[in-house]
Amino acid sequence: MLPALNPADRGALSATAVSGTPRHISFLRWHKVVFVLMMAASLIYAFYNDRGLRYRVDMEVYRVGAQRVLDGQELYSGAFQITPDVVLPFTYPPISALLFVPLTFGSHTVASVCITLANVAVLFALTRLIITRFAAVDSSTGSWLALATTAALVPIGPIWSTVVYGQINIFLIALIIVDTMVLPRRWRGVLTGAAVAIKLTPAVFGLWFLLQRDWASILRMGAGTLGLTGIAWVILPQDSRTYWLDTLSATGRIGNMDFPANQSFNGALWRAGLRDDTSGSTLWLLLALITIAVVAALMVRLFHAHAPFEALAANSFIALLASPVSWTHHWVWIPLLVIAVTLRVTHPATRDSFSSRMRVIWKVCAAAGFCCFLLEPKAFTPIPEFGGEWNLFWHVVGNSYLWWTVVCIAVLWVLYRPLAQGSHAAEETPVTPVPHQGVNPKK
């Protein structure tokens with residue numbers, strides 16, 4: 001049986017927080033100036049390139065899809081002319097198009113500014129939440145540290161591609177984190193279900209509830225998904241019918257499987273010539289099943305180690321590794337996981353739970369991940385679609401997201417073993433009351 005994570009009916013992140021009075025760090029004025037300048041530089045870099053304001057391609061797909069809904073046009077017929085050289089289809093469920101309607105209220109530039117600022121603001125809020133809980137600092141300290149950390153995260157591959165493309169991944173993980181880590185148990189599951197209705201992939205997070213036998217939250221998750229999907233079906237019956245009965249199975253609309261930005265096992269198999277339209281599916285399915293089993297076992301270990309947030313982030317590995325397509329902007333969970341584990345491993349109140357060798361191993365793993373996701377080696381690889389061929393070097397370097405995640409799973413398994421074993425021992429060892437100065441322990 002997994003340990004109870006929420007005995008006081010509060011958000012599960014309370015089970016993760018470092019105990020004790022929150023610390024306050026007094027930053028000097030020049031520290032704060034540096035943090036603000038870091039954020040300003042990151043925002044400028046996110047907004048502009050050498051040609052001017054960056055064009056957010058994916059956001060424009062959302063805008064055009066929402067506009068077609070407003071104009072009464074079919075949402076899934078053909079593709080949209082996003083730029084003179086780019087034609088892309090709308091691949092999200094119908095409810096997404098309805099939620100994207102506010103993007104049509106202004107020009108592309110206005111929408112671009114709004115979604116960029118919103119992405120960075122939500123990232124800041126998530127980072128602040130993690131830092132205040134895992135570093136046990138007060139609100140003011142957490143805010144300043146989160147400002148600097150967010151500025152440093154913006155150029156990191158998954159965050160960068162999400163912000164630059166105008167994607168919604170940060171919003172989706174915010175729904176899931178707030179749902180599972182912040183809201184009281186009686187509401188848990190609804191927001192995760194809403195995320196599923198918007199982009200299907202978050203359905204894998206049902207495993208987080210399942211492993212805890214949290215049946216009520218699973219039902220609420222289903223209600224959240226069906227509720228939003230039902231609203232879309234009432235408003236857009238024809239588009240809903242087309243999507244669920246036809247478009248959903250047309251995986252070719254998502255993009256080329258062998259494109260280097262697809263860092264899942266499936267993408268690696270395609271680039272290695274072990275998978276195509278007619279063969280290789282058995283090998284991919286086998287890898288997917290192994291991934292699910294290994295990640296589920298890791299999550300159980302993390303639950304026993306009283307690390308529910310790490311278990312939640314690890315849950316994302318299933319979607320990232322086992323999905324047919326995992327574009328680089330899907331990997332936004334990774335930076336948050338690295339921050340959380342690094343804080344747990346280095347904080348004075350918790351670091352002694354880990355051996356000095358394992359602390360070093362994790363720091364090396366985190367540093368390698370930072371380099372991997374910042375430098376994005378896959379950006380320099382040959383593109384198979386245009387005749388580029390991959391040798392052994394490119395299969396190692398070009399699949400860097402994939403290989404780092406596999407290594408991370410192994411490191412987390414060993415890193416959290418002492419905490420998980422300690423939890424087992426505490427559960428299995430009976431505690432005998434010790435009489436003290438005539439006090440009756442049975443009383």
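The values are calculated or read from the model by the stated rules, or taken from the named source; none is laboratory data. The structure displayed is predicted, hence computed values, not measured ones. Cβ coordinates were reconstructed from backbone atoms using ideal geometry, including for glycine residues, and neighbour counts include every protein chain displayed.
Which of the residues that make up region 146-166 are over 16 Å from THR116 (Cα atoms) and in contact with a Ser or Thr (Cβ under 8 Å, 6 or more places away or on another chain)?
ALA146, THR149
Any residue at all in region 313-324 that's more than 23 Å from THR180 (Cβ to Cβ) and either of a type in the set (Asp, Glu) or touching a Leu at 6+ places or on another chain (Cβ under 7 Å) (or both)?
Within region 313-324, none of the residues are more than 23 Å from THR180 (Cβ to Cβ) and either of a type in the set (Asp, Glu) or touching a Leu at 6+ places or on another chain (Cβ under 7 Å) (or both).
Based on this model, can you work out whether GLY52 counts as under 24 Å from the mean Cα position of the chain (by Cα), modelled with pLDDT under 90 and of a type outside the set (Asp, Glu)? Let's see the steps before the verdict.
On the way: under 24 Å from the mean Cα position of the chain (by Cα): no; modelled with pLDDT under 90: yes; of a type outside the set (Asp, Glu): yes.
It is false that GLY52 is under 24 Å from the mean Cα position of the chain (by Cα), modelled with pLDDT under 90 and of a type outside the set (Asp, Glu).
Kindly evaluate HIS31 against the criterion of being loosely packed, with under 13 Cβ neighbours inside 10 Å, in contact with a helix residue (DSSP H, G or I) (Cβ under 9 Å, 6 or more places away or on another chain), in contact (Cβ under 8 Å) with a residue 24 or more places away in the chain and not hydrophobic (A, V, I, L, M, F, W, C).
Numbers: loosely packed, with under 13 Cβ neighbours inside 10 Å: no; in contact with a helix residue (DSSP H, G or I) (Cβ under 9 Å, 6 or more places away or on another chain): yes; in contact (Cβ under 8 Å) with a residue 24 or more places away in the chain: yes; not hydrophobic (A, V, I, L, M, F, W, C): yes.
When the stated conditions are applied, HIS31 does not pass them.
Count, please, the residues in region 55-68 that happen to be touching a helix residue (DSSP H, G or I) at 6+ places or on another chain (Cβ under 7 Å) and either modelled with pLDDT under 95 or not hydroxyl-bearing (Ser, Thr, Tyr) (or both). So that I can check it myself, show each step before the final result.
The first filter runs over region 55-68 and keeps only residues touching a helix residue (DSSP H, G or I) at 6+ places or on another chain (Cβ under 7 Å), leaving 56-60, 62-63, 65-67.
From what is left, the residues that are either modelled with pLDDT under 95 or not hydroxyl-bearing (Ser, Thr, Tyr) (or both) are 56-60, 63, 65-67.
Of the residues in region 55-68, 9 are touching a helix residue (DSSP H, G or I) at 6+ places or on another chain (Cβ under 7 Å) and either modelled with pLDDT under 95 or not hydroxyl-bearing (Ser, Thr, Tyr) (or both).
Just give me the residues in region 381-406 being part of a helix (DSSP H, G or I) and modelled with pLDDT under 85, in sequence order. Please lay out each step first, then the result.
Residues of region 381-406 that are part of a helix (DSSP H, G or I), as a first pass: 384-386, 392-397, 400-406.
Hits for region 381-406 are PRO384, GLU385, PHE386.
Out of all the residues in region 365-380, is one or more at pLDDT 95 or above, surrounded by fewer than 17 Cβ atoms within 10 Å (Cβ to Cβ) and hydrophobic (A, V, I, L, M, F, W, C)?
yes
Taking PRO237 as the residue in question, decide whether it is within 17 Å of ALA97 (Cβ to Cβ) and either buried (at least 17 other Cβ atoms within 10 Å of the Cβ) or modelled with pLDDT of 95 or more (or both).
Taking the combined requirement at face value, the residue satisfies it.
Out of everything in region 38-73 that is out of contact with any strand residue (DSSP E or B) (no Cβ under 8 Å at 6 or more places or on another chain) and part of a loop (DSSP other than H, G, I, E, B), what residue ends up being farthest from GLN238 (Cα to Cα)?
ASP50
Pull up region 245-265, narrow it to residues that are in contact (Cβ under 8 Å) with a residue 60 or more places away in the chain and not in a loop (DSSP other than H, G, I, E, B), then point me to the one that is surrounded by the fewest Cβ atoms within 10 Å (Cβ to Cβ).
THR251
How many residues does region 174-206 contain that are under 15 Å from the mean Cα position of the chain (by Cα), among the aliphatic types (A, V, I, L, M) and more than 19 Å from THR229 (Cα to Cα)?
Total meeting the criteria: 4.
Counting residues that are at pLDDT below 95, which helices (runs of 4 or more DSSP H) fully inside region 74-164 reach at least 1?
Values: elements: 94-99, 108-134, 139-153.
The qualifying helices (runs of 4 or more DSSP H) are 108-134, 139-153.
For region 167-182, state whether one or more residues are surrounded by fewer than 20 Cβ atoms within 10 Å (Cβ to Cβ), touching a residue at least 24 places away in the same chain (Cβ under 8 Å) and in a loop (DSSP other than H, G, I, E, B).
no
Quick one: how many residues across region 343-357 are among the hydrophobic types (A, V, I, L, M, F, W, C), crowded, with 16+ Cβ neighbours inside 10 Å and more than 14 Å from VAL411 (Cα to Cα)?
Matching residues across region 343-357 total 1.
Output the number of residues of region 86-107 satisfying the condition of being farther than 28 Å from SER249 by Cβ and either surrounded by fewer than 16 Cβ atoms within 10 Å (Cβ to Cβ) or touching a His at 6+ places or on another chain (Cβ under 7 Å) (or both). Write out each step before concluding.
Pass one, region 86-107, residues farther than 28 Å from SER249 by Cβ: 102, 104-107.
Next cut, either surrounded by fewer than 16 Cβ atoms within 10 Å (Cβ to Cβ) or touching a His at 6+ places or on another chain (Cβ under 7 Å) (or both) only: 102, 105-107.
Total satisfying the criteria: 4.
Scan region 268-279 and give yes if some residue there is farther than 17 Å from ILE318 by Cβ, surrounded by fewer than 22 Cβ atoms within 10 Å (Cβ to Cβ) and of a type in the set (Ser, Thr, Tyr), otherwise no.
Scanning region 268-279, I find at least one residue that is farther than 17 Å from ILE318 by Cβ, surrounded by fewer than 22 Cβ atoms within 10 Å (Cβ to Cβ) and of a type in the set (Ser, Thr, Tyr), so the answer is yes.
Among (1) within 29 Å of THR180 (Cβ to Cβ); (2) surrounded by 20 or more Cβ atoms within 10 Å (Cβ to Cβ); (3) out of contact with any helix residue (DSSP H, G or I) (no Cβ under 7 Å at 6 or more places or on another chain); (4) hydrophobic (A, V, I, L, M, F, W, C), there is one condition LEU117 misses while meeting the rest; what is its number?
The failed condition is (2).
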